[in-house]
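Report on the structure given below.
The values are calculated or read from the model by the stated rules, or taken from the named source; none is laboratory data. Everything numeric here is computed off the predicted structure, so don't read it as measured data. So basically every Cβ, Gly included, is an ideal-geometry build from the backbone, and we count neighbours across all protein chains shown.
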Amino acid sequence: MSPAAIKSEPEEDNGFYPSPHHKNSKREYDDEEFEFKPKKVKTEHDKKAKKRKHEYEEDEEDEDIKPKKKTKDKKVTEGKKAKKEEEEKWKWWEEERYTDGSKWRFLEHKGPVFAPPYEPLPGNVKFYYDGKPMKLSALAEEVATFFAKMLDHEYTTKDIFRKNFFKDWRKEMTSEEKSKITDLNKCNFSEMNEYFKAQSEARKQMSKEEKQKIKEENERLLQEYGFCIMDNHKERIGNFRIEPPGLFRGRGDHPKMGMLKRRIRPEDIIINCSKDSKHPKPPPGTKWKEVRHDNKVTWLASWTENIQGSIKYIMLNPSSRIKGEKDWQKYETARRLKKCVDRIRNQYRDDWKSKEMRIRQRAVALYFIDKLALRAGNEKEEGETADTVGCCSLRVEHIKLYPKMDDQEYVVEFDFLGKDSIRYYNKIPVEKRVFKNLQLFLENKQPEDDLFDRLNTSILNKHLQELMDGLTAKVFRTYNASITLQQQLKELTSDDSIPAKILSYNRANRAVAILCNHQRAPPKTFEKSMQNLQTKIDEKQNQLSAARKQLKAAKADHKASHDEKSKKAVEVKRKAVQRIEEQLMKLQVQATDREENKQIALGTSKLNYLDPRISVAWYLFNTAESVVLPISSDFTIEKLN
DNA sequence: TTTGCGACTTGGCTCCAACGGG
DNA sequence: CCCGTTGGAGCCAAGTCGCAAA
């Protein structure tokens, strides 16, 4: 199923929580909550924060503002643990940053890990052409296996995929093979396909010891290649493994799907490290494309990928100083935007009346970016990628204007494919001036013409830069996502139980995901797991009524006998009922949460858009006994035990 | 002004280890 | 302790944005 098909028309307001771009719920732009100065607030997301509550309390006094740390506490052996902990305590956010544009002074690493070499198929696994078995050359066979592995996927049936694959496959064939194999439809990969299925099955069936061995080998590789030294600190590398060869898929309707993503060799790799470091060694008998020493960039190695001709990088893990600083900066920019967003909004409203078309277009586009959290929308080369758009690249065919719709006036309907070919569909009433402007922009245009023909991202960002230092289109997404979370948390959180609070948090998070249009395909197991949960709830309900009956009986018993023993029995039964009630409530909350989350992906906003300080502040307000927080008093501190 | 490139962030999906309920 | 469920790391594609050459 194509991503576009997965997304259904957006639901009407479900009544549970206001959608940020719903007609009646305007975001409160002028509140001051986002302003808190959390000198003592930790910034990991609340979930993690909850797990590690005690840890926070321990070192409360010397904590400072700190951007989210995405470090995972990996299980390490005892010996390494001490060192690791020491490393984790490094408070880079308390240190000076480079001001000269350099990213580091010293960088040493061991280079990337290459994909394992191709292992030829055993002799009994055959490829058939036109019904007859045919032995392929190693190169041709390798590429054939890529296709064979995908046989179950729908896209091996797609014309473009097959055409691209076949073309690239033929390039890897010997001239003899090339003259023989001329029609993909006559190729039979099924034996190969079955072989790989059996292989993966065998992998699943491996003994504990074998699995352990693999795990240890991975760990060894991680220890050797997964870290680097940057400026006196050992830092985790994000992706130290080179991407293995395979068939390019791409997302959505990609014109290059099926093309061969070729194997990367040491000769393709540019190494970046400091001059005075121990340079990584290429595998025996090979050499690097280049070794350079550029401390104005953060990457350790790079290569040019053959599908789009773009550069791929090996960079550090999000837990690293270099990523963390950037992340922190991003949220600081969003906070600065908060301070002047009113001015900017007034400005673009004024600009709707401008004499100049380009200024009106700029102002309307900015309004969409601000109100709907649309992406900037760079132009893309036609035929190179799937046809997707963002704000500046919207075309006439992507919007429809309705002067009147139901009880609303000036409604704009958006329907287009955005990043990753995820469909954006929204109907939204706009101000009359915006509507009139849109009508003007549409005049004398064809469906495939640009809506904003006098605008592109470069013009827009230049303008934004003039309005505020460091302001670009994407800052609006960050800002509006974070402030939406904050407002929704304030609005939704009740004095309820912890499960209810978690539901509130997830709902606030969902409001953000909806704003940013972060969708997912409903998990394949969704219906089933929902059913299972419902079964559990039903069972729990039965349990509850049984427990209640028993309680009643115990009470009657006690009334009759009035002895200590029966009194105790009543207490026991009462406790049991209470426990089951809690369990039931928890299950029901879980079911609600899951159902609401069916098509919504929370991960991206959590990871990239929500200032972790908001989550931590919320968490502290909702759990802390008596922590005095230097934040606004909107969250009431309460006892929970 | 346009185009292309380089560096970096953001994105959905997959898979598997770890978790927790029975 | 078993086993189904799930969270999240890992993967790698696809964006954004600045800059410099054409």
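Scanning the stretch A:392-423 for residues that are in contact with a Ser or Thr (Cβ under 6 Å, 6 or more places away or on another chain) and closer than 19 Å to A:Lys445 by Cβ yields a single hit, A:Cys392. A:Asp268 passes every criterion in (1) within 29 Å of the chain's Cα centre (by Cα); (2) within 16 Å of DNA strand C (Cβ to nearest atom) apart from (1). The single condition from (1) within 12 Å of DNA strand C (Cβ to nearest atom); (2) among the polar types (S, T, N, Q); (3) touching a helix residue (DSSP H, G or I) at 6+ places or on another chain (Cβ under 7 Å) that A:Gln308 fails is (3). Being under 26 Å from A:Phe452 (Cβ atoms), touching a residue at least 12 places away in the same chain (Cβ under 8 Å) and in the same structural domain as A:Pro245 (by the TED database) holds for only one residue in A:Gln361, A:Gln347, A:Gln308, and it is A:Gln308. Taking first residues from the stretch A:82-105 that are away from DNA strand C (no atom under 16 Å from the Cβ) and hydrophobic (A, V, I, L, M, F, W, C) and partners that are at pLDDT 50 or above and part of a loop (DSSP other than H, G, I, E, B), the Cβ contacts under 6 Å between residues at least 6 apart in sequence or on separate chains come to A:Trp104/A:Asp231; A:Trp104/A:Asn295.
Of the candidates A:Lys330, A:Lys326, A:Lys289, A:Lys338, the single residue that is basic (Lys, Arg), farther than 17 Å from A:Ile237 by Cα and within 10 Å of DNA strand B (Cβ to nearest atom) is A:Lys330.
Okay, residues lined up against (1) within 10 Å of DNA strand C (Cβ to nearest atom); (2) touching a helix residue (DSSP H, G or I) at 6+ places or on another chain (Cβ under 6 Å); (3) on the phi < 0 side of the Ramachandran plot:
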| position | (1), (2), (3) |
| --- | --- |
| A:Trp328 | no, no, yes |
| A:Tyr331 | no, no, yes |
| A:Ala334 | no, yes, yes |
| A:Leu366 | no, yes, yes |
| A:Glu379 | yes, no, yes |
| A:Glu382 | no, no, yes |
| A:Gly390 | yes, no, yes |
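Checking the stated criteria, A:Ile369 turns out not to satisfy the condition of being surrounded by 19 or more Cβ atoms within 10 Å (Cβ to Cβ), assigned to a strand (DSSP E or B) and in contact (Cβ under 8 Å) with a residue 24 or more places away in the chain. From the set of residues in the stretch A:195-239 that are away from DNA strand B (no atom under 14 Å from the Cβ) and among the acidic types (Asp, Glu), which is surrounded by the fewest Cβ atoms within 10 Å (Cβ to Cβ)? Within the stretch A:195-239, the match that is surrounded by the fewest Cβ atoms within 10 Å (Cβ to Cβ) is A:Glu224. Selection within the stretch A:499-554: residues that are within 13 Å of DNA strand C (Cβ to nearest atom), within 20 Å of the chain's Cα centre (by Cα) and of a type in the set (Lys, Arg). The member of this set that is farthest from A:Lys427 (Cα to Cα) is A:Lys524.
Scanning the stretch A:400-425 for residues that are part of a strand (DSSP E or B) and buried (at least 18 other Cβ atoms within 10 Å of the Cβ) gives A:Tyr410, A:Val411, A:Val412, A:Phe414, A:Phe416, A:Leu417, A:Arg423, A:Tyr424.
Looking across the stretch A:511-528, the residues that are more than 11 Å from DNA strand B (Cβ to nearest atom) and either modelled with pLDDT under 85 or acidic (Asp, Glu) (or both) come down to A:Phe526, A:Glu527, A:Lys528. Candidates are the residues of the stretch A:543-599 that are touching a helix residue (DSSP H, G or I) at 6+ places or on another chain (Cβ under 6 Å) and either acidic (Asp, Glu) or without any contact (Cβ under 8 Å) to a residue 12 or more places away in the chain (or both); the one that is farthest from A:Asn506 (Cα to Cα) is A:Asp557. Within 30 Å of A:Trp90 (Cα to Cα), within 16 Å of DNA strand C (Cβ to nearest atom) and buried (at least 20 other Cβ atoms within 10 Å of the Cβ) - does that describe any residue in the stretch A:240-251? Yes: the stretch A:240-251 contains one or more residues that are within 30 Å of A:Trp90 (Cα to Cα), within 16 Å of DNA strand C (Cβ to nearest atom) and buried (at least 20 other Cβ atoms within 10 Å of the Cβ).
Taking the stretch A:322-356 as the range and being among the polar types (S, T, N, Q) and under 14 Å from A:Ile483 (Cβ atoms) as the test, only A:Thr333 passes.
No other residue among A:Gln531, A:Gln465, A:Gln488 is away from DNA strand B (no atom under 16 Å from the Cβ), on the phi < 0 side of the Ramachandran plot and part of a helix (DSSP H, G or I) apart from A:Gln488. Determine whether A:Gln439 is in contact (Cβ under 8 Å) with a residue 12 or more places away in the chain, surrounded by fewer than 15 Cβ atoms within 10 Å (Cβ to Cβ) and not assigned by the TED database to the domain that holds A:Ile399. No. A single entry from A:Ser497, A:Ser504 fulfils the requirement of being closer than 19 Å to A:Lys606 by Cβ, hydroxyl-bearing (Ser, Thr, Tyr) and outside the structural domain of A:Trp352 (by the TED database): A:Ser504. Against the numbered list (1) touching a Ser or Thr at 6+ places or on another chain (Cβ under 9 Å); (2) surrounded by 22 or more Cβ atoms within 10 Å (Cβ to Cβ); (3) closer than 15 Å to A:Ala376 by Cβ, A:Asn461 comes up short only at (2).
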